[in-house]
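First up is the structure itself, then whatever we jot down about it.
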Amino acid sequence: MPALRDRTLPIAARGLLALPAPVQRTLAGRPPAHAAGLEPDAWLVARLAERESVPPGALPVDQARRRFAMVLAPLSIRPRLPLTAGERTVAGAVGPLPARLYVPHGAETPGPLLVYFHGGGWVEGSAATHEPSCRLLAHLAGVRVLSVDYRLAPEHPFPAAADDALAAYRDVRARAAELGADPARIAVGGDSAGGNLAAVTALALRGAADAPAFQLLIYPGLDMTRKRASRLRFGEGFVLTEENMTWYEDQYVPDRDRRDDPRVSPMVAPDLAGVAPAHVATALADPLRDEGEEYAARLRAAGVPVAVYRHPQIHGFFNLTAMRSGLRGLTLIAGALRQGLA
């Protein structure tokens, strides 16, 4: 989600999100007709974000990353959970990468594990910003979650993040016993840009002996080659804007001639047969909605087991667990992960 102007708005939003839904509806008003059915607290967050957003590129990248973390923190809940968490290191394409491992209480050994790639447009976000949601995901799914800090653009443009994601997954697969994981039940997943990296990794490994068992794609970005109807319809006023997306894409893949590479846009891969089974979570009022659902349809047509669920949400809800509806959405995603790795 885009940065907001200062710390006061997200803290104030935390209080507003605790109000009863009828009060939230009164405060936010009705969403537009093309977003009918959107959760009241999600629409309230979207309206607040629209009023207080900062244009992408207005801040130096390091400041934008700090602001991203500052804004996200009050909008995520951090309950005490029966799990252990620890810092780890995994192999990247050119060197070691920091990572965080979450092990739920009572997890079987060896058991299922998700290699997770955070969102943030390949520019912002980190394992730290996504810690609350990854903790909840591990706890609710009963699955180990290893969250990877891949290299970020613009310092490290494409193919750095994609190469890191593939190298990290392969390293985890090779070290499954050390991590308490069953090598036959290791999945890849991520949200937004991280969903892109998960899909790219699964595509690169299809048919391989170490291919993932499952892919969890949360409102993924899957195609930089064309704009679908949802990107035009929801490109303003719903947290993730057209301006945001264009800026992120320009940082990650500044060479436009490379955007039709399946490692950037897995949607353009001519054949998806043989990739890992998938769960695709989309959001009703999200510019990326249509490409996620189109990718799920292509997977199904290629004979890949896939489930797709459209949440009555905005982009970013996986991290907005201070929203009651965001927490419900994450809970449903955790159920899909549990089932996918059963």
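The values are calculated or read from the model by the stated rules, or taken from the named source; none is laboratory data. It should be emphasised that the depicted structure is a prediction, and the values quoted were computed from it without experimental measurement. Cβ sites come from the backbone with ideal geometry, for glycine too, and all protein chains shown count toward neighbours. Just the protein is used for accessible areas: all its heavy atoms, side chains included, with ligands, DNA and RNA removed. Shrake-Rupley method; radii C 1.70, N 1.55, O 1.52, S 1.80 Å.
Please list the radius of gyration and Dmax for region 199-311, considering alpha-carbon atoms only, with Å as the unit.
14.0, 44
In whole angstrom, and with the biggest value first, how far do the Cα coordinates of the chain range along each principal axis?
The Cα atoms of the chain stretch 54, 48, 39 Å along the principal axes, largest first.
Mind checking the per residue accessible area of region 100-156 for me, 1.4 Å probe, whole number of Å²?
It amounts to 26 Å² per residue over region 100-156.
Report, in degrees rounded to the nearest 10, the 0 to 90 angle that the Cα long axis of helix 242-252 makes with the longest principal axis of the chain.
Value to nearest ten degrees: 30.
So which trypsin sites (Lys or Arg not before Pro) in region 25-93 pass both tests, a DSSP loop state and at most 10 other Cβ atoms within 10 Å of the Cβ?
Sparse-neighbourhood loop trypsin sites (Lys or Arg not before Pro): Arg80.
Calculate what fraction, in whole %, of the accessible area of region 1-142 sits on carbon and sulfur atoms when a 1.4 Å probe is rolled over the protein chains.
56 percent
Long-range amide H contacts for Gly111: which residues qualify at under 5 Å (H placed 1.01 Å from N, peptide plane, sequence gap of 5 or more or a different chain)?
For Gly111, the qualifying residues are Ala181, Asp182.
Which FRET efficiency value, to the nearest 0.05, is calculated for Ala209 and Leu27 with the Förster distance at 45 angstrom and r the Cβ-Cβ distance?
For R0 = 45 Å, the calculated efficiency reads 0.25.
Only Cα pairs under 8 Å and at least 6 apart count here; give the relative contact order of region 230-342 as a rounded whole percent.
Across region 230-342, relative contact order equals 26 percent.
Taking N as the number of residues in region 283-325, what is its alpha-carbon radius of gyration divided by 2.2 N^0.38 Å?
In units of the globular-protein estimate, region 283-325 measures up at 1.33.
Let me have the relative contact order for the chain, percent, based on Cα pairs under 8 Å that are six or more residues apart.
After rounding, I find 20 percent.
Would you calculate a helix-derived [θ] at 222 nm for the chain, using -39,500 (n - 2.57) for each DSSP H run of n ≥ 4 and dividing by the full residue count, to the nearest 500?
-11500 deg cm²/dmol
What percent does the relative contact order of region 38-148 come to when contacts are Cα pairs within less than 8 Å and at least six residues apart?
Across region 38-148, relative contact order equals 28 percent.
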